[in-house]
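First the structure, in the form of structure tokens, and then the observations on it.
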Amino acid sequence: DVVETQEHYKSRWRSIWIMYLTMFLSSVGFSIVIMSVWPYLQKIDPTADASFLGWIIASYSIGQMVASPLFGLWSNYRPRREPLVVSTAISVAANCLYAYVHVPHSHNKYYMLTARALVGFGAGNVAVVRSYIAGATSLTERTSAMANTSACQAVGFILGPVFQTCFTLIGEEGVTWKFLCLQLNMYTAPVLFGALLGVINIILIFAIFREHRVDDMGRQYKSINSDGEGSDVLDQNTEGSIDHVAVVALNILFFVILFVFAVFETIATPLTMDMYSWTRKEAVFYNGIILSAIGIESVIVFMVVKTLSKKTGERAILHAGLLIVLVGFFILLPWGKKLPNIQWQEIKNTTIPRTAPSEMLAPFWSLPELQPPSNHTAEPVGCPVTQSWCLNTPMIYLAQYISSDVLIGLGYPVCNVMSYTLYSKVLGPKPQGVYMGWLTASGSGARILGPVFVSQIYTHLGPRWAFSLICGVVVASLLLLEIVYKRLIAFSVRYGRMQE
């Protein structure tokens, strides 16, 4: 056996930390403009409508879905530095394009669509990141490293909107540099900041990142990616075939996990506006606070699950996480008798309450600064009468909604980390780039289909049908997990090279 030297150990973990940074910057690239896309789109191209906004939001996931298997395949046969640098450079160029979408005299919305799709394409490098981490860690290190990766991703999603908020201080006009044809304002400054972070990331990849591979027991060996680095190590033992039933099952489970969370994110604003008669401003503000709290909760869960998995194993934790998500959506089912306030559209700017307001909602709608100044400027609030289910479906109480948020915020990160960890362990020492690419692509597909599914079902059939179907999907995933439970074991354990 080749014992890992202290120098190799430090270099290996420095490279893993660069991968954490890459994952963080990838999620920042998505979230740093998410709150300002709509007003910026309206400003640069008045012909754009809300449906086109949906395509712009979805284009990121579409780009990532296409790129993930491609970058994964590339990383299987070449040094990973190559796809990492190229993908990051594409994201930098796409962010710069986004800052210039106001320049053309027409079709500006299509330039913005292209820019966001290319940012998503560059984010396909998460498959390379996770395949590298899977190959550069032993089985005992794997869960912790995967949890750290997901935590960096979650922190990026949390801090992106924070960065965006800071840049709002520049204002809509900002500063114009005519010789560069550049307007530096609250819409362009965040993406230029993201581009700068991308350039720093590329420099760090060249300066610090090195190829390292260890087997499941932590012994270092040479792989095709090493490009001459670390020649005095073991050849990898890849005898034995991958359990493709387990691989397909984990892809399906991961799709379900990302699908139900995308549904949860999408439905939050319309649900609270319909159920609690919140205005657009109130819904964005309160749900922003809730989602931020869930993000912080997720980071804590990522840290706790690293320790917990050593005692119970990844499969049991994945099972528990899915059960928690199921309970979270089950709680959202409307059970009471009280109906939501109805927004009668034929009577302008008027809400007809079906029952007296609940006292628990009073703190939210009695805030003086959120009250409209007079009746003729008020926006209609309540459940629109055009949604026929509003007339006969009981409301979902705020306590139900908050409880569901807490449970889903607990279950989702558990399922996310365990899926990646089990997947990497099932694949074993064989190159994981393509497989990780397919897993990332399945998650991207879920983030595209989830919002489409819930928007159609919720609008036409209401929350009872929408959340019942989601509960059914989660129950089906739990049954699938039971069927393949014994197959979700590490490659080395399956072939008797290690004890479970």
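Brief remarks on what is shown
- Ranking 65, 76, 201 by how far each Cα lies toward the positive end of the dipole of segment 1-223 (charges on Cβ) leaves 76 at the top.
- Sequence-separation-based contact order of segment 1-223, relative, with Cα cut under 8 Å and 6+ spacing, percent: 35 percent
- Cα-centre dipole for segment 1-223 with unit charges at Cβ (Lys and Arg positive, Asp and Glu negative), debye to 20: 340 debye
- Segment 1-76-segment 120-193 distance, computed between alpha-carbon centres (Å): 7 Å
- Its convex hull of Cα atoms gives segment 109-186 a direction-averaged projected area, equal to a quarter of the hull surface, of 7.3 nm².
- The relative contact order of the chain, computed from alpha carbon pairs under 8 Å that lie at least 6 residues apart in sequence, is 23 percent.
- Near residue 385, the amide H atoms lying under 5 Å from its own belong to 343, 345; only residues 5 or more places off or on other chains count, and H is placed 1.01 Å from N.
- Principal-axis analysis of the Cα atoms of the chain puts helix 50-77 at an angle of about 0° to the longest axis.
- Evaluated over segment 1-223, the Cα radius of gyration and Dmax, each in Å: 19.2, 66
- Against the chain, whose longest principal axis comes from its Cα atoms, helix 433-461 is set at around 10 degrees.
- Acute angle (nearest 10 degrees) that the helix 398-427 long axis makes with the longest principal axis of the chain, alpha-carbon atoms: 20 degrees
- Largest first, the three principal axis extents of the alpha carbons in segment 412-500 are 54, 26, 19 Å in whole numbers.
- Extension gain for residue 35-residue 178 works out to 48.8 nm (0.36 nm per residue, less the C-alpha to C-alpha distance).
- DSSP assigns beta bridges within the chain; of those with both partners inside it, close to 60 percent run antiparallel.
- Of the peptides 384-395, 109-120, the order by per-residue mean of other Cβ atoms within 10 Å, starting with the highest, comes out as 109-120, 384-395.
- The calculated FRET efficiency for the pair residue 200 and residue 49, based on their C-beta separation and a Förster distance of 41 Å, comes to about 0.65.
- If R0 is 45 Å, the Cβ-Cβ spacing of residue 455 and residue 168 corresponds to a FRET efficiency of close to 0.95.
- 278, 55, reordered so the largest accessible area comes first (probe 1.4 Å): 55, 278
- Accessible-area value, residue 489, 1.4 Å probe, nucleic acids and ligands omitted, Å²: 30 Å²
- Farthest positive-ward along the chain dipole, Cα basis, beta-carbon charges - from 244, 268, 26: 244
- Residue 452 - accessible surface, heavy atoms, 1.4 Å probe, Å² rounded to 10: 80 Å²
- Only protein heavy atoms count here; under a 1.4 Å probe, residue 281 has an accessible surface of about 130 Å².
The values are calculated or read from the model by the stated rules, or taken from the named source; none is laboratory data. Predicted, not measured: the structure shown is a model, and the values here were computed from it. So basically every Cβ, Gly included, is an ideal-geometry build from the backbone, and we count neighbours across all protein chains shown. Quick note on the areas: whole protein, heavy atoms, side chains included, nothing else; ligands and nucleic acids left out. Shrake-Rupley method; radii C 1.70, N 1.55, O 1.52, S 1.80 Å.
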